[in-house]
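The values are calculated or read from the model by the stated rules, or taken from the named source; none is laboratory data. The model shown is predicted, which means the values in this text are computed figures rather than measured ones. Cβ: placed from backbone, ideal geometry, glycine included. Neighbour counts: every protein chain shown.
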Amino acid sequence: MNIILESGGKQYWTKKGEILILPKLALDVGEKTKLKTIVTIEKDDFKSEENFVEVEILKHSKAKKVIIFKKKRRKGYERKQGFRAQQTHVLIL
């Protein structure tokens with residue numbers, strides 16, 4: 001069973017029982033919720049339009065650091081900044 005769902009402006013292809021990393025959801029660890037932005041469910045050459053998929057929140061974490069470096073040549077201007085995006089690990093039920 002293949003599921004294509006949308007969260008945080010991105011689409012994710014997944015299966016039932018997989019762990020998926022999404023942009024941070026404002027829910028507590030251990031909560032079960034339904035993501036209502038599902039696009040397609042494929043089951044043995046049969047496509048159905050469902051309205052939700054149930055997920056369980058496993059943990060919240062931060063992504064790898066992204067370095068933002070700005071420089072203007074011959075001017076002596078350099079700026080370095082790091083950024084770590086918040087993310088949520090969910091289990092597809």
Quiz item: Which strands (runs of 3 or more DSSP E) sit wholly inside segment 20-66 and have at least 1 residues that are at pLDDT 85 or above?
Solution: 32-35, 53-62
Quiz item: Between a first residue in segment 8-30 that is of a type in the set (K, R) and a second residue that is loosely packed, with under 13 Cβ neighbours inside 10 Å, which pairs have beta carbons less than 7 Å apart while being 6 or more apart in sequence or on different chains?
Solution: K15/M1; K15/N2; K16/M1; K24/Q86
